[in-house]
Amino acid sequence: EIVLTQSPGTLSLSPGKRVTLSCRASQSVSSSYLAWYQQKPGQAPRLLIYATSTRATGIPDRFSGSGSGTDFTLTINKLEPEDFAVYYCQQYGNSPRYTFGQGTKLEIK
Amino acid sequence: EVQLLESGGALIQPGGSLRLSCAASGFTFSNYGMTWVRQAPGKGLEWVSIITGSGTRAYYGDSVKGRFTISRDNSNNTLYLQLNGLRADDTAVYYCARGDRVTASRFDYWGQGTLVTVSS
């Protein structure tokens with residue numbers, strides 16, 4: 001089973017800053033099958049990025065994704081107040097099997 | 001507009017059974033794989049199960065295999081999850097979500113979740 005490890009666990013930043021979140025896989029992941037989600041308190045997750053770098057419908061262009069193999073990143077440019085949330089990476093593998101990272105909490109400094 | 005509405009969550013004793021439902025609208029339900037993902041209180045997301053659009057194939061995470069059963073009724077646009085042999089560590093919010101149409105490798109729409117609490 002592929003394990004996804006996200007870092008850091010928590011980030012404290014101010015609005016307007018740029019942030020990069022990391023997702024590292026225990027084995028190589030197809031770039032077609034790596035996604036990112038945002039979850040706010042009391043809400044369901046929302047798909048942000050799929051296939052490593054493609055923004056989902058309605059996602060602003062300050063969100064971007066990159067990476068390959070075992071290392072993937074989510075970058076948010078010019079943080080808005082509504083961006084403070086928990087972010088999860090997710091991969092799809094054979095069987096099929098889906099795994100999520102443990103999440104990175106982005107909080108307002 | 002795509003909508004997913006879960007129901008059926010409850011407080012249930014260890015060893016008990018429960019059936020969750022997810023009513024779908026706003027898309028052609030039978031064209032999409034559908035999944036259940038759960039989240040224990042204060043914890044991260046855990047994939048539970050997925051079923052193909054036709055309902056002919058279903059897959060499960062290791063922690064629920066043999067205890068949970070996913071099914072669907074395409075005539076009524078409803079997804080189900082039968083939970084048997086419940087344990088305290090099954091306590092979670094259970095979300096239904098739609099798999100993307102082409103690969104079902106990601107989940108593009110989510111319901112608001114239903115809470116299952118397993119406790120005596």
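Can you find, within region A:69-95, the residue that is nearest to A:Gln43 (Cα to Cα) among those that are in a helix (DSSP H, G or I) and open to solvent by 60 Å² or more (accessible area, probe 1.4 Å)? Full working, then the answer.
Looking only at region A:69-95, we keep the residues that are in a helix (DSSP H, G or I), and these are A:81-83.
From what's left, open to solvent by 60 Å² or more (accessible area, probe 1.4 Å): A:81-82.
Values: A:Pro81: 16, A:Glu82: 13 Å.
This residue is A:Glu82.
Condition check ((1) open to solvent by less than 50 Å² (accessible area, probe 1.4 Å); (2) under 12 Å from the mean Cα position of the chain (by Cα)) across all residues:
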site	(1), (2)
A:Thr20	no, yes
A:Ser26	no, no
A:Ser30	no, no
A:Tyr37	yes, yes
A:Gly42	no, no
A:Pro45	yes, yes
A:Tyr50	no, yes
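Applying the set (1) free of Cβ contacts under 8 Å to residues at least 40 places away in the same chain; (2) more than 18 Å from A:Thr99 (Cβ to Cβ) to B:Met34 leaves exactly one unmet item: (1). The residue that is farthest from B:Asp62 (Cα to Cα), among those in region A:96-109 that are exposed (fewer than 14 other Cβ atoms within 10 Å of the Cβ) and touching a strand residue (DSSP E or B) at 6+ places or on another chain (Cβ under 7 Å), is A:Lys109.
Taking the stated definitions as given, is B:Asp90 out of contact with any Gly (no Cβ under 7 Å at 6 or more places or on another chain), over 23 Å from A:Tyr33 (Cβ atoms) and of a type in the set (Asp, Glu)? Before you say what the answer is, go through the steps one by one.
Working: out of contact with any Gly (no Cβ under 7 Å at 6 or more places or on another chain): yes; over 23 Å from A:Tyr33 (Cβ atoms): yes; of a type in the set (Asp, Glu): yes.
Judged against the criteria, B:Asp90 is a match.
Condition first: at positive phi and either within 14 Å of another protein chain (Cβ to nearest Cβ) or not in a strand (DSSP E or B) (or both). Can you find one or more residues in region A:21-39 that meet it? Write out each step before concluding.
Here is the first cut: in region A:21-39, the ones at positive phi are none.
No, region A:21-39 has no match at all.
A count restricted to region A:45-83 and to residues that are farther than 21 Å from A:Arg97 by Cα and not hydroxyl-bearing (Ser, Thr, Tyr) stands at 18. Please tell me if A:Gln102 is within 13 Å of chain B (Cβ to nearest Cβ), modelled with pLDDT of 95 or more and not in a strand (DSSP E or B). Yes, satisfied. Among the residues making up region A:8-18, those that are exposed (fewer than 13 other Cβ atoms within 10 Å of the Cβ) and closer than 26 Å to B:Ala92 by Cα are A:Pro8, A:Gly9, A:Thr10. For B:Asn74, the conditions (1) more than 21 Å from A:Pro45 (Cα to Cα); (2) touching a Pro at 6+ places or on another chain (Cβ under 9 Å) are fulfilled apart from (2).
Go through region B:72-104 residue by residue and tally those that are within 14 Å of chain A (Cβ to nearest Cβ) and more than 16 Å from the chain's Cα centre (by Cα).
So in region B:72-104, the residues within 14 Å of chain A (Cβ to nearest Cβ) come out as B:92-104.
With more than 16 Å from the chain's Cα centre (by Cα) added as a condition, the list becomes B:101-103.
Residues meeting the conditions: 3.
Can you tell me which residue is nearest to A:Gly16 (Cα to Cα) among those in region A:55-73 that are under 12 Å from the mean Cα position of the chain (by Cα) and within 14 Å of another protein chain (Cβ to nearest Cβ)? Can you show your working first?
We begin by selecting, within region A:55-73, every residue under 12 Å from the mean Cα position of the chain (by Cα); these are A:55, A:63-67, A:71-73.
Now restrict to residues that are within 14 Å of another protein chain (Cβ to nearest Cβ): A:55, A:65, A:72.
Numbers: A:Arg55: 20, A:Gly65: 18, A:Phe72: 23 Å.
Within region A:55-73, the match that is nearest to A:Gly16 (Cα to Cα) is A:Gly65.
All conditions but one from (1) in a loop (DSSP other than H, G, I, E, B); (2) over 20 Å from B:Glu46 (Cα atoms) apply to A:Ile2; the one that does not is (2).
The values are calculated or read from the model by the stated rules, or taken from the named source; none is laboratory data. Model, not experiment: these values are computed from the prediction. All Cβ positions, glycine included, derive from the backbone under ideal geometry; neighbour counts span all protein chains shown. Areas reflect the complete protein model, heavy atoms only, side chains present, ligands, DNA and RNA absent. Shrake-Rupley method; radii C 1.70, N 1.55, O 1.52, S 1.80 Å.
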